[in-house]
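Enquirer: Submitted below is the structure of interest, expressed as structure tokens.
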Amino acid sequence: CGGSAATFASCAIHPIDLAKVRMQLYGQMNPGKPIPGFVSILKGMVDKTGVTSIYKGIDAAIGRQMVYGTARIGLHRTISDKAVEMNEGKPIGFLTKALSGMASGSIAVCIGTPFDIALVRLQADSMVSKRNVHHLQTFLNIFWFVY
């Protein structure tokens with residue numbers, strides 16, 4: 001359930017994340033020039049390549065949330081349950097819950113990072129010259145390259 005909610009949220013917020021990445025890259029690639037705004041970036045993409053362009057990289061975003069979101073929540077539940085068992089069935093305190101959350105989040109981040117790399121590469125793909133793309137235009141190609 002938590003992984004599904006994270007996946008849905010990622011789909012809803014994806015165009016905003018895409019515009020953020022494009023704004024950051026534009027600033028790096030064009031130092032000294034004013035960075036276009038959020039709306040103008042998305043409008044330019046839709047005008048140039050269609051509405052689907054604002055969902056470039058959505059497959060990596062969904063993959064990340066399916067892996068990271070579910071791992072984080074599942075690991076937290078597993079670690080917390082083990083802590084309760086070790087505490088002879090008594091409820092665990094705040095510190096133990098916090099440590100469980102930090103441990104589960106840390107492990108999940110390690111699992112989800114390749115998806116983040118793929119996501120940013122897919123989002124930035126059209127801003128890079130074709131000779132620098134290295135034929136990594138699909139999520140699976142990037143994921144394979146990262147691992």
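The values are calculated or read from the model by the stated rules, or taken from the named source; none is laboratory data. Bear in mind that the values here come from a model prediction, so they are computed numbers and not experimental data. Virtual Cβ from ideal backbone geometry, glycine too; neighbours counted across all protein chains shown. Areas reflect the complete protein model, heavy atoms only, side chains present, ligands, DNA and RNA absent. Shrake-Rupley method; radii C 1.70, N 1.55, O 1.52, S 1.80 Å.
Enquirer: Being touching a Ser or Thr at 6+ places or on another chain (Cβ under 7 Å) and without any contact (Cβ under 8 Å) to a residue 40 or more places away in the chain narrows it down to one of 75, 42, so name that one.
Expert: Exactly one residue qualifies, and that residue is 75.
Enquirer: I need every pair where a residue in the range 103-117 that is under 19 Å from residue 58 (Cα atoms) and at pLDDT below 85 has its Cβ under 8 Å from the Cβ of a residue that is assigned to a helix (DSSP H, G or I) and not hydrophobic (A, V, I, L, M, F, W, C), sequence separation at least 6 or different chains.
Expert: Here the result reads 115/63; 115/64; 115/68; 116/64, each pair linking the range 103-117 to a residue that is assigned to a helix (DSSP H, G or I) and not hydrophobic (A, V, I, L, M, F, W, C).
Enquirer: Here is a follow-up. Looking only at the range 23-71, filter to residues that are polar (S, T, N, Q) and within 30 Å of residue 100 (Cβ to Cβ); which one of those is most open to solvent (accessible area, probe 1.4 Å)?
Expert: So, considering only residues that are polar (S, T, N, Q) and within 30 Å of residue 100 (Cβ to Cβ), the one most open to solvent (accessible area, probe 1.4 Å) is 70.
Enquirer: Tell me which residues, restricted to the range 1-22, are open to solvent by less than 40 Å² (accessible area, probe 1.4 Å) and among the basic types (Lys, Arg).
Expert: 22
Enquirer: Run residue 88 past the list (1) open to solvent by 40 Å² or more (accessible area, probe 1.4 Å); (2) charged (D, E, K, R); (3) within 17 Å of residue 123 (Cβ to Cβ) and report the number of the one that doesn't hold.
Expert: So the condition that residue 88 fails would be (3).
Enquirer: Then there is this: Filter the range 51-61 down to the residues that are of a type in the set (A, V, I, L, M) and touching a His at 6+ places or on another chain (Cβ under 9 Å) and list them by number.
Expert: Of everything in the range 51-61, those that are of a type in the set (A, V, I, L, M) and touching a His at 6+ places or on another chain (Cβ under 9 Å) turn out to be 54, 58, 61.
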